[in-house]
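The values are calculated or read from the model by the stated rules, or taken from the named source; none is laboratory data. Remember, it's a predicted structure, so these values are computed and weren't measured experimentally. Heads up, the Cβs are rebuilt from the backbone with ideal geometry, glycines too, and the neighbour counts pull from every protein chain shown.
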Amino acid sequence: MLEKTFYKMMLSKSFPFPIKVTYWDGKGEIYGNGNPDIEIIFNEKIPVTAISRNASLALGEAYMDKKIEVKGSLQQLICGAYESSDSFLRSSKFRKFLPEQKHTEEQSEKDVQSHYDIGNDFYELWLDSTLTYSCAYFAGDNHDNLEQAQIAKIHHILNKLHPQKGKTLLDIGCGWGTLMLTAAKEYGLKVTGVTLSEEQYKLVQKKIFDQNLQDVAEVKLEDYRELGDKQWDCITSVGMFEHVGKENLAQYFSDVAKYLKKDGVALIHGITRQQGGATNAWLNKYIFPGGYVPGLNENIEHIIASDMQIDDIEMLRRHYQRTLEIWDKNFNQHRDQIQKLMGERFTRMWDLYLQACAASFESGNIDVIQYLITKGPSGKNLPLTRDYMLNK
């Protein structure tokens, strides 16, 4: 009885729309006014102490284990919880901060490989053919073609750098190499990519040789902190600083400054919270070990402290929401194949991850921001207006 009282208190005020809840005894209740489009089914009781200790971890694990099921849109449900002022996800009594995490080079390598070395065959099932695993850029009327949007994102980033043929580019956290190789082939840059993922490294190496780019492109299986004293004219880093940890953010931006030539230009693209930095226990345990989403103010402070200047900031929150929605659609189109490959628990976990992230962007709980940074006076070697970013 006490459990139901707690659940009713938690759920009755957590959503700005009506929901149906079916409890472990088979009895259902509707909270809110109107006909609900979403039903939460508790196949088992989740201990109140576990939810109170960390709601995201307890409920996320319960969903993975089918102790909880959802009929209707999981993304809509989570987005509603973020948007409701009375939600358990927003209530301060449910916010728990993780202890400081290790981000040694050895630990960073393990963290990256635990996510990105699941297998290229897994990612190939639901990413587009470029294997770009970051926010796409849906320019013009292009709202559905993910591959075109990912290519548009790469050009959007490279155009912002205003690169000159023959100059050098470092891509920190190069992924499967599409950005760095596009820079080499289409912009005439000499490029270096860095990754800690063995799967990514092997594929990028193969692409370099297959496309005969050995003279203008190289990839290193190396920690970005160990690149020595070499400097580059331009730096890109997409979806990287979320992995370095709060305690290493200052060094990350300091290293960007160290590797950037005088008057060089960097484009740093990453998930950021406008409300301040945060961690999520469920994501940290199952998806991104060591992950930390920094606050906008933190990043700006670190950029300035590293003696760099900001030339432009662009928010792409809605673009990432759309990207994730397409990823999840692709994922579920291959759900049976993924479940056979990875197991049901993993499949439910990954589906939850994609929909929860889409909901976080939709609600404004997190954002993705591109920071155009110069080492020296802002815009010194860039055109006077932003028009050049869109002219190619």
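In table form, for the structure just shown:
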{"quantity": "Condition broken by Ala62, with the remaining ones in (1) assigned to a loop (DSSP other than H, G, I, E, B); (2) farther than 21 Å from Glu362 by Cβ; (3) modelled with pLDDT of 95 or more satisfied", "calculated": "(1)"}
{"quantity": "Residue that is farthest from the chain's Cα centre (by Cα), among those in region 1-31 that are in a loop (DSSP other than H, G, I, E, B) and more than 20 Å from Ser363 (Cα to Cα)", "calculated": "Met1"}
{"quantity": "Residues located in region 296-308, provided they are of a type outside the set (A, V, I, L, M, F, W, C) and surrounded by fewer than 18 Cβ atoms within 10 Å (Cβ to Cβ)", "calculated": "Asn297, Glu301, Asp307"}
{"quantity": "Lys96 surrounded by fewer than 18 Cβ atoms within 10 Å (Cβ to Cβ), in contact with a Pro (Cβ under 8 Å, 6 or more places away or on another chain) and at pLDDT below 85", "calculated": "no"}
{"quantity": "Candidates Arg335, Arg386 - the one that is modelled with pLDDT of 95 or more and surrounded by fewer than 21 Cβ atoms within 10 Å (Cβ to Cβ)", "calculated": "Arg335"}
{"quantity": "Selection count, region 171-217, where residues are crowded, with 17+ Cβ neighbours inside 10 Å and either under 21 Å from His269 (Cα atoms) or of a type in the set (Phe, Trp, Tyr) (or both)", "calculated": "27"}
{"quantity": "Matching option when the condition is touching a Gly at 6+ places or on another chain (Cβ under 8 Å), surrounded by 16 or more Cβ atoms within 10 Å (Cβ to Cβ) and at pLDDT 95 or above, among Asp311, Asp351, Asp367, Asp328", "calculated": "Asp311"}
{"quantity": "Those residues of region 26-50 which are of a type in the set (A, V, I, L, M, F, W, C), over 13 Å from Lys4 (Cβ atoms) and out of contact with any Asp or Glu (no Cβ under 7 Å at 6 or more places or on another chain), in sequence order", "calculated": "Ile30, Ile38, Ile40, Ala50"}
{"quantity": "Residues of region 146-197 satisfying the condition of being assigned to a strand (DSSP E or B) and of a type outside the set (A, V, I, L, M)", "calculated": "Thr168, Asp171, Lys190, Thr192, Gly193, Thr195"}
{"quantity": "Every residue from region 5-31 that is surrounded by 16 or more Cβ atoms within 10 Å (Cβ to Cβ) and not aliphatic (A, V, I, L, M)", "calculated": "Tyr7, Lys13, Ser14, Phe15, Phe17, Lys20, Thr22, Tyr23, Tyr31"}
